[in-house]
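First the structure, in the form of structure tokens, and then the observations on it.
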Amino acid sequence: MDITPIHRRVVGLDVHQSKITACALIEQPDGSVAVEHREFGGFKRDRRALAEWVRGFDPEVVVMESTGIYWKSPYAALERVGVMAWVVNARHARNVPGRKTDLSDAQWLATLARAGLLRASFIPPAEIRHLRLIARQRQKLVGMLAAEKNRLHKVLTDAGIRLNVLVSDVHGASARAMIKALLADAPMHAILDLAGRLRASREELFEALQPEELSTRHRFVLNEVLAHIEYLEAMIARFEQELLAGLAPWEPQVCLLETVPGIDRIGAAMLLVEIGTDMASFGSAERLASWVGICPGNHESAGKRKSGRTRKGNAWVRRLLCEFAQAASRTRCALKDKFSALSIRKGHKRSIVALAHKLLRIVYAMLNHAAPYQDRTVDYEALVVQRNAPRWLKMLEKHGYLTAT
């Protein structure tokens, strides 16, 4: 069966780290198809030559596979000369077995694209792509920070210090100040004075801070881990500041996402740099959920529905959405009711994924219609007024705007 062509001028690119193989399929006026092959290197001068060679054909479609991160530099070079390339899923462009060469891969990509059998993946604008570097590195740093905090906790326990039994957060302001004072050999009464508003009594804290063996090696490791924790916290703060400054042009969208229960300012910023602000790129909430990999899979054969396992998608967005769902399940809103109803039948983990899917659909609708989140069960404006009205009235009376009765 012949493949009916849709596009007349197509270029396929097989991208590697040190080499790019290109194939151009150009339909001639008499209906014949001219095939041209070229190979380029992986350096900047080669990418520039590739971009100029591709632009010379005035192609309707330029397609390449999403091979790791190697596609990004050729994509940027083509974008710079005004050629918008398609980056496609490699699973959608598998070649015929036994004919695997770089030339055949490039020609196969061009053939599929010419027939309209490939779908372009979502690639955000350059400014948001660059902000992704900051957001993803921040997520890595948060993971490193959590690992270091767990290590500090473990070393304290190894030394016989049981502060975590009385304190909900060993890394809170009071607990950290007490640990630092203990490592600095401060007198016990001075250490206990740093307890602040901790609920535990001084006697209980005194017993919890008595080490079994706080050796020189313990002190060395604890001091180094504490210094690394503070260094990571400062670095994360700088990353967050840079991320929010870069998203200043999209401040209205960040504020919109903050109205959703479970999403804070940093979470909204990190989600925006992954999915962008233009929902027309996806077309529907279903396609967005499929791209993220948060919706149930679809596998049916012989009238029987088989595994509904979620497909692989954007792991960075999935992680964020699951964090949002965990936070939303603890709030007073319709999302909590949804989670409670699901958890009875599906358990905690599956319910979190289902709630994350619902949150993503909500985010799509909000960005698509530029409307804030409105909960059907809770009036957040009334809650804010109820919580703050007494303080507001006192301030108005204090400054003479109201007369005391």
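The values are calculated or read from the model by the stated rules, or taken from the named source; none is laboratory data. Just so it is clear, the model here is predicted, and its values are computed rather than measured. All Cβ positions, even for glycine, are placed from backbone atoms using ideal geometry, and neighbour counts span all protein chains on display.
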Can you find a residue that is of a type in the set (Ser, Thr, Tyr) and part of a helix (DSSP H, G or I) anywhere in the stretch 184-207? no
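When you scan the stretch 226-243, do you find a residue that is touching a residue at least 60 places away in the same chain (Cβ under 8 Å) and in contact with a Pro (Cβ under 7 Å, 6 or more places away or on another chain), even just one?
So the first thing to find is which residues in the stretch 226-243 are touching a residue at least 60 places away in the same chain (Cβ under 8 Å), and the list is 226, 228-229, 232-233, 235-236, 239-240, 242-243.
With the extra rule that they be in contact with a Pro (Cβ under 7 Å, 6 or more places away or on another chain), the set shrinks to none.
The answer is no, given that none of the residues of the stretch 226-243 is touching a residue at least 60 places away in the same chain (Cβ under 8 Å) and in contact with a Pro (Cβ under 7 Å, 6 or more places away or on another chain).
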Of the conditions (1) part of a helix (DSSP H, G or I); (2) at positive phi, residue 107 clears all except one; give me its number. (2)
Can you tell me how many residues within the stretch 213-229 are loosely packed, with under 12 Cβ neighbours inside 10 Å and closer than 22 Å to residue 168 by Cα? 1
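Test residue 355 against the criterion of being assigned to a helix (DSSP H, G or I) and closer than 18 Å to residue 331 by Cα, and give yes or no.
Taking the combined requirement at face value, the residue satisfies it.
Matching residues to (1) of a type outside the set (Ser, Thr, Tyr); (2) at pLDDT 90 or above; (3) in the same structural domain as residue 313 (by TED's automatic domain parsing); (4) not in a helix (DSSP H, G or I):
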residue: 37; (1), (2), (3), (4): yes, yes, no, yes
residue: 49; (1), (2), (3), (4): yes, yes, no, no
residue: 92; (1), (2), (3), (4): yes, no, no, no
residue: 97; (1), (2), (3), (4): yes, no, no, yes
Tell me, which residue of the stretch 160-197 that is of a type in the set (Lys, Arg) and over 19 Å from residue 212 (Cα atoms) is surrounded by the most Cβ atoms within 10 Å (Cβ to Cβ)? 176
Consider only pairs whose beta carbons are under 6 Å apart and that are at least six residues apart or on different chains; among these, list those whose first residue lies in the stretch 287-312 and is under 17 Å from residue 275 (Cβ atoms) and whose second residue is surrounded by fewer than 15 Cβ atoms within 10 Å (Cβ to Cβ) and at pLDDT 75 or above. 293/312
Would you confirm whether any residue within the stretch 35-43 is farther than 20 Å from residue 90 by Cβ, surrounded by 14 or more Cβ atoms within 10 Å (Cβ to Cβ) and β-branched (Val, Ile, Thr)? no
Using the structure shown, decide if residue 120 is touching a Phe, Trp or Tyr at 6+ places or on another chain (Cβ under 8 Å) and more than 24 Å from residue 275 (Cα to Cα). no
Among the residues of the stretch 335-350, is any touching a residue at least 40 places away in the same chain (Cβ under 8 Å), at negative phi, surrounded by 11 or more Cβ atoms within 10 Å (Cβ to Cβ) and hydroxyl-bearing (Ser, Thr, Tyr)? no
Taking only the stretch 53-71 into account, find how many residues are surrounded by 15 or more Cβ atoms within 10 Å (Cβ to Cβ) and assigned to a helix (DSSP H, G or I). 3
